[in-house]
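Below is one structure, written out as structure tokens, with a few remarks after it.
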Amino acid sequence: IVTKDPSTTPLTDEGFQAVLRQKDALKVAIFMQRLVEERLGGVITNELQLMAFAADPAPSMYDVVSLLRNATWVCVGDASVCSVDASLIPLSDSGYQRIRAQGNISSLASFVTRVVAHFGGQVVDVSGLRSAGQSSTTLAGLVAKLESKPTWATWDAASACESEPRSGLAGSTAVSLSIEYACLHMNEFNCENIPPQCSSSLWDAADYALSVYALEHKGDSLPSCYFKGALMFSRPRAQRAAGAPLCVVTSDPLTTPLTDEGYQAVIVQKSTTSTASFIRRFARERLAAAVLDEAGLRALAAEPPASLFDLEVLLPKASWLDIGALGGGDDYATATNADDLLFWRLWAFVALGAAVVIAILASVLHVLCRRTSAERAKVRARPAAAYAVAKSAAPEDGLYIQGVEERATV
């Protein structure tokens, strides 16, 4: 299936065009990395040159493959001759095999140290680290050893597999897999509905998807940090940059996104105070409304609507709110006036009902018309049949035949 996701879309020209149309150099680079590793059996040796190439890519898949085959920063063939930076290569099994093939103990230790850090560990015994790396022939085998929490490192469960922005493709590959896994394993939320303010960045999209996954699974993070032969993140970022959009769904009414998922995370606590704080914030930021009566706000918060949509319908009619008192308001509020939403919903039902009635009437008329036509045909056929019988019974009786003909004519 052709999608916009560079980590899952097919390695075809259609998949390439779907990624290219987004005009995101990082996503194009992720696609090209997959192309080098999966189609050409090679490895990227200089990530900076890949990013420069992805910023101004060739227009077709055919041209991209031709250029990658001849690029000096792409190594195709014997893995042992490819010089790879262990601090930059993605934390995947293919990257692990490339590092092992170099036969450089220092590079292998650097790679394993990164994997340990991903699982919330800190190496305290280098000899144990090296032994684990040399005895593990696959990344899956190494992960299995680390999940047993060996004593040659200290472990912090709170920071294990936590999403942490990293420069380059290594972190982007992991975060793309996190989004894919979370979206595949949610029953109620469709990742197509990640809000626009969170979908433009892989990291923000991952924060939203991972936090909604936890909301659906009673607070649990992803059950593993390993997926499709690579490491991924299992929980959203603990901190966000100043000015970044609010994309982590939490139970905090002051920071959770103003979406239905954020609303559900608040009302599930059944706290009137928390729900009132969310409603006040929503009214302020989306409707530019001021609360005139705290008792009215708390009454609604004590028995909140089942969804954010229902809340949007109720608030503009609330007598304890002064809509627009704070000036401006979110464009979203203007575009989704509650009365308009109800109006169009009503007319949608009316149109649907009218279509059903018309279909039923058309079917009834069709049946009646066919029945009437059949009855008329039978009536017309009777005189002709009588004439034929009379003629065969008394062909010499001209007067009788003439009388029958006249009646048949009539």
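The values are calculated or read from the model by the stated rules, or taken from the named source; none is laboratory data. Source: prediction; values computed, not measured. Heads up, the Cβs are rebuilt from the backbone with ideal geometry, glycines too, and the neighbour counts pull from every protein chain shown. When the accessible area is computed, the model is the full protein with side chains, heavy atoms only, and any ligands, DNA or RNA have been set aside. Shrake-Rupley method; radii C 1.70, N 1.55, O 1.52, S 1.80 Å.
Cβ-Cβ distances below 8 Å connect the following pairs, each with a first residue in the stretch 195-210 that is assigned to a helix (DSSP H, G or I), a second residue that is charged (D, E, K, R) and open to solvent by less than 30 Å² (accessible area, probe 1.4 Å), and a separation of six or more residues or different chains: Q197/D204; C198/D204; C198/D207; L202/K27. Annotation note: of R114, R100, R69, the sole residue that is under 19 Å from A52 (Cβ atoms), charged (D, E, K, R) and modelled with pLDDT of 85 or more is R69.
Considered as a group, the residues in the stretch 301-320 that are farther than 25 Å from L246 by Cα and either assigned to a helix (DSSP H, G or I) or not aromatic (F, W, Y) (or both) include one that is most open to solvent (accessible area, probe 1.4 Å), and that residue is E303. For the stretch 68-78, the criterion of being among the acidic types (D, E) and within 27 Å of A117 (Cα to Cα) is satisfied by no residue at all.
When residues in the stretch 206-221 are screened for being open to solvent by 10 Å² or more (accessible area, probe 1.4 Å) and closer than 18 Å to S7 by Cβ, 1 of them pass.
Can you find a residue that is modelled with pLDDT under 90, open to solvent by 50 Å² or more (accessible area, probe 1.4 Å) and not in a loop (DSSP other than H, G, I, E, B) anywhere in the stretch 26-38? The answer is yes; a qualifying residue exists. Against the numbered list (1) over 26 Å from the mean Cα position of the chain (by Cα); (2) farther than 18 Å from L321 by Cβ, R284 comes up short only at (2).
Within the stretch 211-251, being outside any loop (DSSP other than H, G, I, E, B), aliphatic (A, V, I, L, M) and out of contact with any Lys or Arg (no Cβ under 8 Å at 6 or more places or on another chain) holds for V212, L215, A230, L231.
Take the conditions (1) open to solvent by less than 30 Å² (accessible area, probe 1.4 Å); (2) at pLDDT 85 or above; (3) among the hydrophobic types (A, V, I, L, M, F, W, C); (4) in contact with a helix residue (DSSP H, G or I) (Cβ under 8 Å, 6 or more places away or on another chain); A18 misses just one of them, which is (4). Kindly establish whether L11 is open to solvent by less than 50 Å² (accessible area, probe 1.4 Å) and assigned to a loop (DSSP other than H, G, I, E, B). Yes: the conditions hold for L11.
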